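Undergrad: First the structure, which I've put down as structure tokens, then a few questions once you've had a look.
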Amino acid sequence: MKEYDVVIIGAGPGGMTAAVYTQRAGLKTVMLEKAAPGGKMMTTYEVENYVGLGNVSGFDISEKMFNHTQELGVEYQYGDVVKIKDLGDYKEIETASGDLYKAKAVIIGTGTVPRSTNAPGEAKLSGRGVSWCAICDGAFFKEQNIMVIGGGNSAIEEAVYLTKMVKHITVVNILPTLQADQKAIDQADATGQMDYLLGYEVVSFNGKDNLESVTIRHAETKEEQDVVVDGAFVFIGQVPTTEFVKHLDITNKWGYIETNADMSTNVPGIYGIGDVIQKDLRQIVTAAADGSIAAVAVSKYIGTLNK
């Protein structure tokens, strides 16, 4: 079993910021990440609201943050955490591969995963026309007609990005209006490549080997129609990655970790940061702020254990 002062689960902007702070505080730190450093930042095409960086890609921010952690000597390991045991002054962290880590404190920054429509055909046609990542799969639909499902900022901003490659986009949203901010909507309208079907829900994704059409139903009239498209991108929200901590009773009914102002949970020594916690605003800058707050709190907490 490997022993550390702090185990940080998740190497998104919050986790990497926390690692910088704990490492500089002289705490033996390891980041465990089951994917690439950066989290959702890695698949964000364009970021223009992180103060001081101007217009930059999510990949570039991820790379800069990760390089910073490595310059300071933060240990980084691949790890898909499946369980945390609360042993009082120590926590035991177990990964899917059977690796065990012992730590005085744990910072959880595992983020969220895209929400599914759960409509028939979605899982079957995943990767064969149905996608949740515009930057990953957009190039496969060059000069083709696609559907974007969702009406929030993520959906509309990703749709704007997709106009650089695809021919036409039909935006389908279950609510009668878009929830995106006006700037995003204006950018979408300016492309001249989108139309909107508002107040519709997805009934099914259709196709034998690849997506051929999407059946949608009007929420009020219940009238159904098939929309012929080559691809469909789903952006209808996120689900927190917290299955591995449900037994600790630190999540709310939606699965988000509940924290105090210092990012601590009701289990001493366990902290939550970033998109995985209950909060009003989920942004790169707020995740980074959470990470710094949690790291300072962890330093103080470990200091009380060492007395």
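Quick note: the coordinates plus some simple rules give every number you see, no bench work behind them. None of these values were measured; they are calculated from a predicted model. Positions of Cβ are backbone-derived with ideal geometry, glycine not excepted, and every protein chain shown enters the neighbour counts.
Undergrad: Quick check: convex hull over the Cα atoms of the chain, volume per residue in Å³, rounded to an integer?
TA: 140
Undergrad: Another question, if that's okay. Identify all aspartates and glutamates with a Cα-Cα distance to Lys64 below 19 Å; exclude those on the same chain that are fewer than 8 residues away in sequence.
TA: Glu33, Glu46, Glu48, Glu75, Asp290
Undergrad: Which of Gly38, Asn55, Val296 sits closest to the plus end of the dipole of the chain, meaning its Cα is farthest towards the positive end, when Lys and Arg get +1 and Asp and Glu get -1 on the C-beta?
TA: Going by the Cα projections, it comes out as Val296.
Undergrad: Give, rounded to the nearest 20 debye, the magnitude of the charge dipole that segment 130-234 has about its Cα centre when Lys and Arg contribute +1 at Cβ and Asp and Glu contribute -1 at Cβ.
TA: 140
Undergrad: What chymotrypsin sites (Phe, Trp or Tyr not before Pro) in segment 218-307 are in a loop by DSSP, with at most 14 other Cβ atoms within 10 Å of the Cβ?
TA: Here the sparse-neighbourhood loop sites are Trp254.
Undergrad: Please compare each pair in Lys164/Lys222; Lys40/Lys300; Lys279/Lys300; Lys40/Lys83; Lys2/Lys300 to a cut-off of 32 Å on the Cα-Cα distance and tell me which ones are over it.
TA: The answer is Lys164/Lys222.
Undergrad: Here is a further query. About the Cα centre of the chain, how large is the charge dipole given +1 on each Lys and Arg Cβ and -1 on each Asp and Glu Cβ? Please answer in debye to the nearest 20.
TA: Computed charge dipole of the chain: roughly 860 debye.
Undergrad: Now for a different question. Count the DSSP beta bridges whose two residues both fall in segment 130-234, then state the antiparallel fraction as a percent rounded to the nearest 5.
TA: 40
Undergrad: Could I ask something else about it? Roughly what % antiparallel, to the nearest 5, for the DSSP beta bridges in segment 189-307?
TA: The antiparallel fraction comes to roughly 95 percent.
Undergrad: Which Cα, out of Pro120, Gly192, Thr241, lies furthest along the positive dipole direction of the chain (beta carbon charges, K/R +1, D/E -1)?
TA: Thr241
Undergrad: Another one. Rounded if a/c is under 1.5, else prolate if a/b beats b/c, else oblate: with a ≥ b ≥ c from the C-alpha gyration tensor eigenvalues square-rooted, which is segment 9-168?
TA: Verdict is oblate for segment 9-168.
Undergrad: Something else: Counting only Cα, what are the radius of gyration and maximum Cα-Cα distance Dmax of segment 130-234, in Å?
TA: Expressed in Å, the Cα Rg and Dmax of segment 130-234 come to 12.8, 39.
Undergrad: Suppose only helical runs count, i.e. DSSP H with n ≥ 4. What mean residue ellipticity at 222 nm does that imply for the chain under -39500 (n - 2.57) per run, divided by all residues and rounded to the nearest 500 deg cm²/dmol?
TA: -7500 deg cm²/dmol, from helical runs alone.
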